[in-house]
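The values are calculated or read from the model by the stated rules, or taken from the named source; none is laboratory data. Since the structure is predicted, the reported quantities are computational estimates derived from the model, not experimental observations. Note: ideal-geometry Cβ built from the backbone for every residue, glycine included; neighbour counts use all protein chains shown. Surface areas here come from the heavy atoms of the whole protein model, side chains and all, with no ligands, DNA or RNA. Shrake-Rupley method; radii C 1.70, N 1.55, O 1.52, S 1.80 Å.
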Amino acid sequence: MNVELYEKVWMWAASVLIVVFLAAIFFMAGLHAVQPPSHFETLDPTKLSTHPEFGNPGVKIQPDGSIVVSVVSQMFSFSPDSIEVPANRPVTFRLTSADVMHGFEVAGTNANAMAIPGYVSQFTLTFPKPGEYVIACNEYCGLAHHGMVGKLIVKKEAP
Ligand code: CUA
């Protein structure tokens, strides 16, 4: 079978691209721990104020010592606004929205999830570096979207 040179070149180029894309997926999944969401939980977004957890959002230490942060996003703020967690301990974030879809990205870290009305987004992360981090909404949610920022304070743990 005779294959034209140009056709061969493009076949090879396409094959190389596929290999590069696959390698990029495995690289991000393995080395950077980027993963698709695996948590599925729903709630009624119109009844958040009386919800046992999201009616009173904040940082809560569970009986087993783990740290859970429940966050409600709404136009154009996060509640609670200043979130304080210790460094070097796993922190589980649980996010939901009271109105439209918002983003929740802790700048400079691997924390990045969507807050979707009716759903709970959950992820667990450890912050090794104490300091103040900006939480940014990275989903367009309305006129003051650009001003929707919060603060995460990572405190050095007492020895
Ligand atoms: Cu909230 Cu953009």
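Roll a 1.4 Å probe over the protein heavy atoms and report the accessible area of Leu5 in Å², nearest 10.
Accessible area, nearest 10 Å²: 130 Å².
Which cross-chain or sequence-distant (5 or more) residues have an amide H under 5 Å from the amide H of His39, H modelled 1.01 Å from N in plane?
Counting only residues 5 or more places away or on other chains, the set is Gln122.
Return the long-range amide H neighbours of Glu84 (sequence gap of 5 or more, or a different chain), with a cut-off of under 5 Å between placed amide H atoms.
Amide H to amide H, under 5 Å and 5 or more residues apart or across chains, Glu84 pairs with Ile153.
Between Thr50 and Ser77, what FRET efficiency follows from the Cβ-Cβ distance if R0 is 25 Å, with the result rounded to 0.05? All intermediate terms of the calculation are to be shown ahead of the outcome.
Values: r = 20 Å, r/R0 = 0.80.
Efficiency at R0 = 25 Å is approximately 0.80.
Just from its helices, what would the mean residue ellipticity at 222 nm be for the chain, if runs of 4 or more DSSP H residues each count -39500 (n - 2.57) and the sum is divided by every residue, rounded to the nearest 500 deg cm²/dmol?
Working: 1 runs with 27 residues, N = 159.
Per the formula, -6000 deg cm²/dmol.
Using modelled backbone amide H atoms (1.01 Å from N, in-plane), which distant-in-sequence or interchain residues come within less than 5 Å of Ala115's amide H?
His102, Gly103, Phe104
Grab the beta carbon distance between Ile25 and Tyr140, set R0 = 25 Å, and tell me the FRET efficiency rounded to 0.05.
According to the calculation, E is roughly 0.40.
Order of 129-140, 56-67 by packing, highest average Cβ count within 10 Å first? If you can, show how the numbers build up before the last one.
Details: 129-140: 15.6, 56-67: 11.8.
Result, highest mean first: 129-140, 56-67.
Taking the simple approach of a point 7 Å from Cα along Cα-to-Cβ for both Lys60 and Glu157, what is their distance in nm?
For the pair Lys60/Glu157, the computed spacing is 2.2 nm.
Over the C-alpha atoms of the chain, what are the Rg and the largest Cα-to-Cα span, Dmax, in Å?
20.6, 73
Taking every DSSP beta bridge that has both residues in the chain, what percent is antiparallel when rounded to the nearest 5? Please list the in-between numbers first.
Details: 26 of 39 bridges.
In the chain, approximately 65 percent of DSSP beta bridges are antiparallel ones.
Suppose the chain between Ala13 and Glu132 were pulled fully straight at 0.36 nm per residue; how much longer would it get relative to their current alpha carbon spacing? Walk me through the numbers on the way to the answer.
Working: separation 119, 0.36 × 119 = 42.84 nm, distance 4.55 nm.
The span from Ala13 to Glu132 would gain 38.3 nm if fully extended.
Could you tell me the number of lysine pairs in the chain with C-alpha atoms less than 26 Å from each other, where the two lysines are 8 or more residues apart or belong to different chains?
The number of close lysine pairs in the chain is 9.
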